[in-house]
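This report concerns only the one structure given below.
Readers should treat all values here as calculations from the given coordinates under stated rules, not as data from a laboratory. Just so it is clear, the model here is predicted, and its values are computed rather than measured. Heads up, the Cβs are rebuilt from the backbone with ideal geometry, glycines too, and the neighbour counts pull from every protein chain shown.
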Amino acid sequence: MERCGFATWPVGPTQAEVYERFPDVGRLPPEERKAAELTAAFVDSANLRTPELVSRACRWRPDLVISELMELSGAVAAGRSGARHLVHGVGLIGPGLWATVPAYATFRARWGLDGPSRAPFLDICPPSCRGATAGSASRSGPFARQAGTRVLASGCRRRSTPCRSRTRCT
């Protein structure tokens with residue numbers, strides 16, 4: 001990204017630091033393991049990452065925040081900075097995954113987000129490679145071509161304020 005002229009910076013704990021804090025989930029009953037693993041690997045690290053990410057987003061004031069499905073801090077950064085939010089996935093799992101993790105609702109409430117995410121979901125995986133739960137979001141949709149520019153087919157509205165970034169806004 002830096003070679004292409006985009007500023008980058010590390011935010012939050014490293015993967016090694018996350019795994020140092022990882023609980024011994026092998027001792028949990030199988031039905032509790034998935035939520036415990038997702039909480040430790042993603043929710044807990046998002047709580048550590050969110051303050052700095054929100055601070056940077058509020059200073060930078062992006063028009064759009066795109067976050068990966070497992071990156072929960074993006075929703076907070078978008079909400080606090082006034083940016084639109086888009087979630088992307090890779091076809092193996094869909095946004096319905098987080099409904100099975102109680103700590104996800106707690107995370108969203110802690111950072112002032114109401115209910116489950118309503119951000120448009122873009123699955124960048126070809127349909128033939130997707131898992132059974134992928135694309136289960138009510139606001140998911142394919143890309144569509146429009147005047148040579150890729151845009152979401154549904155779920156996104158044009159921003160009413162002028163573009164403030166150095167990048168091209170469409």
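Just a few scattered comments:
- Note on Phe22, Phe107, Phe6: ascending count of other Cβ atoms within 10 Å places them as Phe6, Phe22, Phe107, the fewest first.
- Sites matching trypsin sites (Lys or Arg not before Pro) across segment 72-130 that sit in DSSP coil, with at most 16 neighbouring C-beta atoms within 10 Å: Arg118
- In this label model, Val25 and Ile66 are separated by 2.8 nm, measuring between points 7 Å along each Cα→Cβ vector.
- Within-13-Å neighbourhood charge of Glu37 [Cβ basis; K, R +1; D, E -1]: 0
- Legend: calculated FRET efficiency, Asp114 to Val90, from the Cβ-Cβ distance at R0 = 30 Å, rounded to 0.05, equals 0.65.
- Ranking of Val25, Val76, Val54 by neighbouring Cβ atoms within 10 Å, starting from the fewest: Val25, Val54, Val76.
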